[in-house]
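Chemist: After the structure tokens below, expect a handful of questions from me.
Throughout, read-outs are computed from the coordinates displayed, never taken from laboratory work. Given the structure is predicted, the values throughout are model-derived calculations rather than measurements. Note: ideal-geometry Cβ built from the backbone for every residue, glycine included; neighbour counts use all protein chains shown.
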């Protein structure tokens, strides 16, 4: 395979992540850092001034090293200087999932005990209740979403940048909580720096690249990918306030975007919007995708429609983002995730014994390296199960071929146990996605008296009957009998997590007989 970046050595460094921004300010002070729709763009000089105003506000309120600051904001230009301003004073940022209900938000806030909550008037309906229920909150600061910070102290009142070392936390980012209470994943300055350095090398980013952020900024796929990567490499960022495929297409044309990142459900939405769109998207060079398996027909359609290269983006919050991907200019074998990025090592082990398996055999993916979290915030019980001899258990079942390409099988906990057989939902989904008139499909297990779990397929599509689905499955020789759906349900839409993944837990509850 071409693409020498897979052997790239990233030099270890000890520094506050704000140093990345300071470097770009020196090199491209007047270049656009953040594109804004109805007001002037922010140059790197402007962005640094905003960061300093945030830092000055925090310093004025005696907030500093190792304090926890929560950011409860929708996607907006202000998000970026808030995060950097928190880092500037040596504090730890906690981006909150804006789709969480109040109880989950209270759980997260009580978990991290922040002294400050940055928020927006757009979601102020929950803020009063949060302030009354979370004792640690001393300051709730409403922020202008465009990032003008007119009520903040002047930039020249900011304190000096606080030095941070490799192991110092930069972010505590909570998982979505679909399998229990949200867990706070600690990401150090080294974790994030190595992740972004790796992404810049893999995707060959340069100052003339412009990204559109479509994923939520409280998620690694939004913040660490299309937001921090271009800013750390002197590029430009445009931020969608919420997911809207028409707005994505408009933004690509308006800013001349060269790349973006999506989850498969977003790719489906974008293809549907493109059918009636007249926006010019020819500036788009590549798109990375991840969050859930993407069927090959969807990828082929997206690639052909937009004439772009596609790169899989396999990763987790615990990996600070991507850990397996592919150079956009290389050919990805059908069904492959890609190869390990420069900042991580990986191995595939037998689920029962923990021994490394031979190429071609399935097992759990274990990872270690600079991008890997040191653990969950105040969860020693969970941390003990998370690591074995320094290797992170991803709980993803994969296989690796002789050439080092990884192939996703399924989540360890998502494997359906039906009649003594193990059924990977992604295998069934890929088959059903080939059926005419099927727009989207999600496969999962539901309780069954005889089989333990019944293979259940929830389908979005037009003019399809249960009998037609059954006949299609019978016609497919690549779908063994035990993998064929025993329950078929039709739905209008899928519930989604805050990161736009299909929420199969909620979906199973919705269709449970």
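Chemist: Any chance you could give the angle, 0 to 90 degrees and rounded to 10, that helix 466-475 forms with the longest Cα principal axis of the chain?
Modeler: 70
Chemist: What order, most packed first, do the peptides 75-85, 271-281 have when packing is the mean number of other Cβ atoms within 10 Å of each residue?
Modeler: Most protected by this proxy first, the peptides run 75-85, 271-281.
Chemist: Which three extents, in angstrom, do the Cα atoms of region 181-225 have along their principal axes, listed largest first?
Modeler: The principal-axis extents, from largest down, are 41, 24, 13 Å.
Chemist: Right, another one. Give me the one-decimal nm value for the distance between modelled label points at residue 39 and residue 282, 7 Å along each residue's Cα-to-Cβ direction.
Modeler: Once both label points are built, they end up 3.4 nm from each other.
Chemist: Quick check: convex hull of the Cα atoms in region 178-324, volume per residue, rounded to a whole Å³?
Modeler: Cα-based convex hull of region 178-324, divided per residue, equals 108 Å³.
Chemist: Further question on the same structure: Report the calculated FRET efficiency for residue 103 and residue 471 (r = Cβ-Cβ distance, R0 = 30 Å), to the nearest 0.05.
Modeler: 0.10
Chemist: If you build the Cα gyration tensor of the chain and take the root of 5 times each eigenvalue, what three semi-axes come out, in whole angstrom, biggest first? Don't skip to the end; give the middle numbers.
Modeler: Details: eigenvalues 281, 123, 113 Å².
Semi-axis lengths for the chain are 37, 25, 24 Å.
Chemist: Still on this model: Got a sec? How would 466, 364 order by Cβ neighbour count within 10 Å, fewest to most?
Modeler: Listing 466, 364 from fewest to most nearby Cβ atoms yields 466, 364.
Chemist: Report the FRET efficiency, 1/(1 + (r/R0)^6), for residue 351 and residue 275, where r is their Cβ-Cβ distance and R0 is 51 Å, rounded to 0.05.
Modeler: Plugging the Cβ-Cβ distance into 1/(1 + (r/R0)^6) gives 0.75.
Chemist: While we're on this one: Treat region 41-164 as a sphere of radius equal to its Kirkwood radius over Cα pairs and apply Stokes-Einstein at 37 °C in a medium of 0.692 mPa s; give the translational diffusion coefficient in µm²/s, rounded to a whole number.
Modeler: Estimated diffusion coefficient is 228 µm²/s.
Chemist: Using 0.36 nm per residue of separation minus the Cα-Cα distance, give me the extension gain between residue 139 and residue 30 in nm, one decimal.
Modeler: Gain on stretching residue 139 to residue 30: 35.9 nm.
Chemist: Can you bin region 414-511 into rounded, prolate or oblate? Criterion: square roots of the alpha carbon gyration tensor eigenvalues sorted a ≥ b ≥ c, rounded for a/c under 1.5, prolate for a/b above b/c, oblate for the rest.
Modeler: The shape class here is oblate.
Chemist: How far apart, in nm, are two points set 7 Å out from the Cα along the Cα-to-Cβ line at residue 401 and at residue 361?
Modeler: A separation of 2.0 nm, rounded to one decimal place.
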